[in-house]
Amino acid sequence: MERRNFLKTALLGGLAGVVQLKSNGLLARGGSISVAKENDLVAVMGGEPEVMYAKAIKAMGGMSRFVKKGQKVVVKPNIGWDKKPELGANTNPKLVAVIIKDCLSCGASEVIVFDHTCDEWQVCYKNSGIIEAAKTAGAKIGFAHDEKYYRDVQIPKGVRLKQAKIHESILDCDVWINVPVLKTHGGTKMTISMKNFMGIVWDRRFWHANNLQQCIADCSTITKMPALNIVDAYRIMTQNGPKGKTIEDVQLAKALFMSTDIVAVDTAAVKFFNQFREMKLEDVGHIGQAEKLKVGTTDVDKLTVERIKI
């Protein structure tokens, strides 16, 4: 199949089998659903990051549903790697910027952006394009390269992970918004919303030595969960993740997923990814393990979902 036709099939047809759309029963012309109440999950396809975000947040009831005047907000992207935006290793800086602006427009007293990076933090912050975008949008930059920025947190529901050192910005904020990028990962098969929690903790070596998939699921039971998960699938890394090697590892998918349910949004994102490269949901073990811990659901049929094609 030609790449152009393949992408058309993936974007227009593939997601229909991922999220069974629920609404008042009326299918609008053009294939999108109009939902009278706030959605649990929104999938947008075919636009630039800022445009997809605007469509998605409107369908979710607006950012004011999540951020109130005077609140301290954390926007947590993936900034883990010393890679330029076009290589898809980090969250798209344009998406990060528009989220920050929206939070501030809702009256947030401050917005902090940070990540516990894998490569050297200063070059990651710079070369990802995220710090320049965040500062321009009005955010403060958080540091995460030293253990002094983390505090011990108990995880009573954890199976393997019973405690973790969590970044102070997460613990001290009123609201945090999780903004991962969709890509492959050598250890966990996929890295999306729950895997992005590895950027809010200090002691990641324990995770790798003690059932990484289960530790990710365990950490997703912490009390201070994100109010909203926004999955950047504008560029997706389909091989050699999570860092990637060349532009050949990346597909321009132009999609975005948004949900209050972290398990559901990761489920939808994996099944969308499956249109580009085969990926079984059960192979991404932390998703099912988090569902068992009652973090969220993989059965998106239970949710109110809207699909938007730009």
Please name whichever of Gly62, Phe273, Val123 sits farthest to the positive end of the charge dipole of the chain, dipole taken about the Cα centre and charges placed at Cβ: Lys and Arg +1, Asp and Glu -1. Gly62
The chain: relative contact order in percent, alpha carbon pairs under 8 Å with at least 6 residues between: 25 percent
Hits in the stretch 261-292: amide N under 19 Å from the 7 Å Cα→Cβ extension of Lys302, namely 261-271, 281-282, 285-292
In nm, the gap between the two label points placed 7 Å beyond Cα toward Cβ at Val123 and Asn240 is 1.7 nm
State which entries of Lys126/Lys309; Lys84/Lys292; Lys68/Lys94; Lys135/Lys162; Lys72/Lys271 exceed 30 angstrom in Cα-Cα distance in the structure shown. Lys126/Lys309; Lys84/Lys292; Lys135/Lys162; Lys72/Lys271
Order of His167, His208, His145 from fewest to most other C-beta atoms within 10 Å? His208, His145, His167
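Give the relative contact order (percent, whole number) for the stretch 183-247; include only Cα pairs under 8 Å separated by 6+ residues.
In percent, rounded to a whole number, it is 53.
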Could you list which residues have their amide H under 5 Å from that of Glu110, counting only those 5 or more apart in sequence or on another chain, with H placed in the peptide plane? Val73
Diffing the stretch 171-183: the Karplus 3J(HN,Hα) column from phi (6.51, -1.76, 1.60, θ = phi - 60°), in whole Hz with x for Gly and Pro, holds 5, 9, 7, 8, 9, 10, 10, 8, 10, x, 10, 7, 6
For the stretch 236-248, Karplus couplings with θ = phi - 60° (6.51, -1.76, 1.60), whole Hz, Gly/Pro x: 10, 8, 9, 7, 6, x, x, 8, x, 10, 9, 5, 5
Stretchable slack from Ile310 to Asp172, in nm (0.36 nm times residue separation minus alpha-carbon distance): 45.9 nm
Cβ density ranking, 10 Å radius, fewest first, applied to Ile79, Ile141 yields Ile141, Ile79
Counting other C-beta atoms within 10 Å, which of Ile192, Ile131 has the fewest, and how do the rest follow? Ile131, Ile192
Only four residue types carry charge here, +1 at the Cβ of Lys and Arg and -1 at the Cβ of Asp and Glu. Report the dipole size of the stretch 3-309 about the Cα centre in Debye, rounded to the nearest 20. 520 debye
Of Lys157/Lys224; Lys58/Lys189; Lys189/Lys302, which ones are farther than 20 Å apart at the Cα? Lys58/Lys189; Lys189/Lys302
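Check each of the trypsin sites (Lys or Arg not before Pro) in the stretch 149-190 and keep only those in coil by DSSP with at most 14 other C-beta atoms within 10 angstrom; list them in order. Walk me through the intermediate numbers first.
Numbers: sites: Arg151, Lys157, Arg160, Lys162, Lys165, Lys183, Lys189; in loops: Lys157, Arg160, Lys162.
Answer in residue order: Lys162.
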Is the shape of the stretch 255-310 rounded, prolate or oblate, going by the alpha carbon gyration tensor and its root eigenvalues a ≥ b ≥ c, with a/c under 1.5 for rounded and a/b larger than b/c for prolate? oblate
Please give the contour-minus-distance gain from Glu282 to Glu248: 0.36 nm per residue of separation, less the Cα-Cα distance, rounded to one decimal in nm. 9.6 nm
Any GluC sites (Glu not before Pro) in the stretch 34-130 that lie in a DSSP loop and have at most 15 other Cβ atoms within 10 Å would be Glu38, Glu120
Compute the Kirkwood hydrodynamic radius of the chain, taking the inverse of the mean of 1/r over all pairs of distinct Cα atoms, and give it in Å to one decimal. 19.2 Å
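Just to confirm the filter: which GluC sites (Glu not before Pro) across the stretch 229-308 are DSSP coil and have at most 12 other Cβ within 10 angstrom of their Cβ?
On the way: sites: Glu248, Glu278, Glu282, Glu291, Glu306; in loops: Glu278.
In loop regions of the stretch 229-308 (DSSP not H, G, I, E or B), the sparsely surrounded GluC sites (Glu not before Pro) are Glu278.
Work out, step by step, the length gained on full extension between Asn210 and Glu132: first 0.36 nm times the residue separation, then minus their alpha carbon distance; give nm to one decimal.
That works out to 24.4 nm of additional length.
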Calculate how many DSSP beta bridges within the chain are antiparallel, expressed in % of all such bridges and rounded to the nearest 5. 55 percent
Whole-Hz Karplus couplings 3J(HN,Hα) for the stretch 43-59, θ = phi - 60° and coefficients 6.51, -1.76, 1.60, Gly and Pro as x, run 10, 10, 9, x, x, 6, x, 5, 6, 4, 4, 4, 5, 5, 5, 5, 5
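Every number in this text was worked out from the coordinates using simple rules, so none of it is lab data. Remember, predicted model here, so these are calculated numbers, not experimental data. For neighbour counting, all protein chains shown are included, and Cβ atoms are generated from backbone atoms with ideal geometry for every residue, glycine included.
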